[in-house]
Amino acid sequence: MQPPKAYWIGFNQVPGIGPARLSALIETCGSIEAAWKAPIQQLKEAGLDRRSLESLLAVRRSLDLDAAWQRVAQSGVRVYTWDDAEYPDNLRQTPLSPPVLFVRGEVQEEDRLAVALVGTRQASAYGREVARGLGQELARNGVTVVSGLALGIDAVAHEAALEAGGRTIAVLGSGVDQIYPAQNRKLGLAMTQQGALVSEYPLGTRPEANNFPPRNRIISGLSLAVVVVEAGQRSGALITAKFAAEQGRDVFAVPGSILQPSSAGCNALIQDGALPLLSIVDLLDQLHLERAAIQAEARQSIPADPTERTLLEHLSSEPLHLDELMRAVAMPAAQISALLAMMELKGLVRQAGPMRYVRSAPNG
C-alpha cells in the first residue's frame, strides 16, 4: 500500500494536469488516491479533456509508484503537498499554487517573513552592491531572502543573506537534485543548511528553458514582496514582478541610470506603478517588517510553551474575545493573558480590539 504522497508524486509526473485540473479531480473523486485510481468515466466527469486523460492513463500504466516514492524517500528530499501543514503559507494563499513542492533543506515557519530579490544575470557593479546591501540588511532584520540561484543578482542576494547569518531560499527550474547553474552548486548546497532549495519539478528534471518562467510564480508566491534590483527590458525578473502583481504582492524596483540598459526594466516598472526602492527602510516600513528582528529574537530567547499551540489552534483571522478563548481552552484568564502577551512579542498573535485577539498575518 502506497503512502498518500506517492499519489501526489504520480500526478506530478502527468503532463497537462496542473493545479486547476488536479483540484477538480480531487473534488470529484474525494481524495488524491481515489483520483489516481478513478475509472475513465469519473475522470471525464472531473473535466479531463482527451489529451489530459490519455496522459494520465499512460503514466498510470508505466509509472511504478512504489519505486518513485522510494527514490524520493531515500534521497532525503522533503515533499510538501496541499495536504501538509508544512506547505508554505504565503504560497498556499496564491492562485494555482503548485500541488507538490520538493524541498532540499527546510522551509520553516519564520520563512513566512520573506522578500524576493531578483534581477539580471549580467549584473553591474552598482546592481551587485545594491543586491548585497539589501540581502544583508533583510537577513539582519530576520527576513528570509528568496531568489532563483541564477548568476548575477540572484547569487549575490543569496550569498549576502548567508554571510549575514540569515536564511535564504532558491526556487529552481530543475529538480532539487540538479543544481543549476553549475557555478552555483557550492552556494546551493550551503543554502540547504540555512534555508532550502525548492522546486515543483520531479527529481532528475534537467534545467530547460521553458521551466524557468513558471518557477518565477513560486519565487513571488513565497514572498511578501518582490524587489527587482537591476533588470533590462527583457529580463526574466520582470516575469517575477508580473506574477507578484497578479498575486497581490508589493513590487519594488531599484531606480537606475536612464543611460544604462540594465536599469531600463526597473525604470519602466517604476513608471508603471512599482514602488521605487531608495533604501532598505522603504521596504521594511512598507511591509511593517521593522519588527521582524525583534520577533525572531523573542522566538529564540523565550522558551516555547506547549499551551501556545493550543491557543493558536483556537485563533484565526476573526477576532476572538478573551472570555471566549478562556472558555474554549479551559484556562484561567491570568494564564491566558500572560501567554498572549508573550505571543504578541513573538509576532504570533495581535490585538484586534479591546481584549480581542487574532492570529497574526504572514507579515506579522
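General remarks:
- Scanning segment 179-192 for residues that are within 17 Å of the chain's Cα centre (by Cα) and over 22 Å from residue 235 (Cβ atoms) returns 191, 192.
- Counting only residues that are surrounded by 19 or more Cβ atoms within 10 Å (Cβ to Cβ) and farther than 24 Å from residue 84 by Cα, segment 97-123 holds 5 of them.
- The helices (runs of 4 or more DSSP H) located wholly in segment 1-106 that include 2 or more residues which are of a type in the set (A, V, I, L, M, F, W, C) occupy 4-12, 19-29, 32-37, 40-45, 50-62, 65-75.
- Restricting 117, 65 to those that are farther than 29 Å from residue 151 by Cα and in contact with a helix residue (DSSP H, G or I) (Cβ under 6 Å, 6 or more places away or on another chain) reduces the list to 65.
- Qualifying residue in segment 290-313 (condition: surrounded by fewer than 19 Cβ atoms within 10 Å (Cβ to Cβ), at pLDDT 85 or above and small (Gly, Ala, Ser)): no
- For segment 166-254, the strands (runs of 3 or more DSSP E) that sit wholly inside it and include 3 or more residues that are modelled with pLDDT of 95 or more and under 19 Å from residue 134 (Cα atoms) are 168-171, 225-230, 250-253.
- Residues in segment 339-360 that are without any contact (Cβ under 8 Å) to a residue 24 or more places away in the chain and either surrounded by fewer than 13 Cβ atoms within 10 Å (Cβ to Cβ) or farther than 12 Å from residue 308 by Cβ (or both): 341, 350, 351, 354, 360.
- Qualifying positions in segment 31-62 - of a type in the set (D, E, K, R), over 18 Å from residue 13 (Cβ atoms) and in contact with a helix residue (DSSP H, G or I) (Cβ under 8 Å, 6 or more places away or on another chain): 44, 45
- Contacts under 8 angstrom Cβ, first residue in segment 280-292 being on the phi > 0 side of the Ramachandran plot, partner surrounded by 13 or more Cβ atoms within 10 Å (Cβ to Cβ) and modelled with pLDDT under 75, 6 or more apart: 288/363; 288/364
- Filter result for the condition that a residue is surrounded by fewer than 23 Cβ atoms within 10 Å (Cβ to Cβ), among the small types (Gly, Ala, Ser) and more than 22 Å from residue 88 (Cα to Cα), over 245, 268, 253, 190: 268
The values are calculated or read from the model by the stated rules, or taken from the named source; none is laboratory data. This is a predicted model, so every value here is computed, not measured. Don't worry about glycine lacking a Cβ; one is built from the backbone with ideal geometry, like all the others, and counts go over all protein chains shown.
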